[in-house]
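Report on the structure given below.
The values are calculated or read from the model by the stated rules, or taken from the named source; none is laboratory data. Note that the structure is a prediction, hence the values are computed from the model and not measured. Note that we place each Cβ from the backbone using ideal geometry, even for glycine, and neighbour counts take in every protein chain shown.
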Amino acid sequence: MTIQTAEAPAAAGIRSTLAVMGVMRFSFGTMGSGKSTLALQIHHNLTSAGLRGVICTMLDRQGARVSSRLGVSADALVLDPSIDLREVAVVDGRPLDYLVCDEAQFYTPEQIEQLAEVVDVLQADVYAFGLLTDFRGRLFPGTARLLELADESGEIQCEARCWCGERATHNARLVDGVQVYEGELMVVDDPSQAPDVRYELRCRRHWLAGEGPPSIELG
């Protein structure tokens, strides 16, 4: 026999409110772990479901696009530290359903706090993707604030590898082929510029030692 019970009006009201609460999720990983690919997939899925949202980026190699190393990309809103994300989340007088935030490590702590307001006040979902630490092995300011405020945080389980085959844990910055531990925080690799600045995945042991793959002598 099934017993049916009436839900108390107060309880029903609480559950109704909770059902529309937004969530801020932070997914992090090293370069090559699939952060931008996942961001693009979520944006595509939500848009296909009829939800209103936008994908944002900062300092992406492709300019006004979010791009994946797999070759997938999409038009994006390019942010800078002066942009208030609470304003981005309202279009035509109505809150968006979601924001997808790529390269979130470059967002300012204040912008991360704005994203929390987007979730709590506008009840939109926020999906943030970014690196955990910089080339010095330290948390980005934006990343630190995300870890403090996000409802959910987790590492993307698509492990990238160091040249030695071990799991990559750090992003090394190479200037003219030599790993460096000091310098300007936000430098995007660009082979056309001098000095040559590149980034390379390394395990902790080889990041600490500053060691790249051994050179192969031919002949």
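Please work out if G154 is among the small types (G, A, S), within 14 Å of G32 (Cα to Cα), modelled with pLDDT under 95 and within 17 Å of the chain's Cα centre (by Cα). Break it down into steps so the answer makes sense when it comes.
Numbers: among the small types (G, A, S): yes; within 14 Å of G32 (Cα to Cα): no; modelled with pLDDT under 95: yes; within 17 Å of the chain's Cα centre (by Cα): yes.
It is false that G154 is among the small types (G, A, S), within 14 Å of G32 (Cα to Cα), modelled with pLDDT under 95 and within 17 Å of the chain's Cα centre (by Cα).
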Out of all the residues in segment 99-113, which are crowded, with 24+ Cβ neighbours inside 10 Å and closer than 19 Å to G22 by Cα? L99, V100, C101, D102, A104, Q111, I112
Boolean, I55 is among the β-branched types (V, I, T) and at pLDDT below 90: no
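What is the residue count in segment 18-28 for residues that are modelled with pLDDT under 90 and either of a type in the set (V, I, T) or within 12 Å of the chain's Cα centre (by Cα) (or both)? Walk me through it before giving the result.
Going residue by residue through segment 18-28, those that are modelled with pLDDT under 90 are 18-21.
Next, from what is left, pick out any that are either of a type in the set (V, I, T) or within 12 Å of the chain's Cα centre (by Cα) (or both): 20.
Result for segment 18-28: 1.
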Of everything in segment 107-129, what is under 21 Å from L38 (Cα atoms) and of a type in the set (S, T, Y)? Give them in sequence order. Y107, Y127
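Residues checked against (1) over 18 Å from E87 (Cβ atoms); (2) crowded, with 16+ Cβ neighbours inside 10 Å; (3) in contact (Cβ under 8 Å) with a residue 12 or more places away in the chain:
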residue: L115; (1), (2), (3): no, yes, yes
residue: V119; (1), (2), (3): no, yes, yes
residue: Y127; (1), (2), (3): yes, yes, yes
residue: E155; (1), (2), (3): yes, no, yes
When only residues in segment 32-57 that are of a type in the set (A, V, I, L, M, F, W, C) and surrounded by fewer than 16 Cβ atoms within 10 Å (Cβ to Cβ) count, which is farthest from the chain's Cα centre (by Cα)? A49
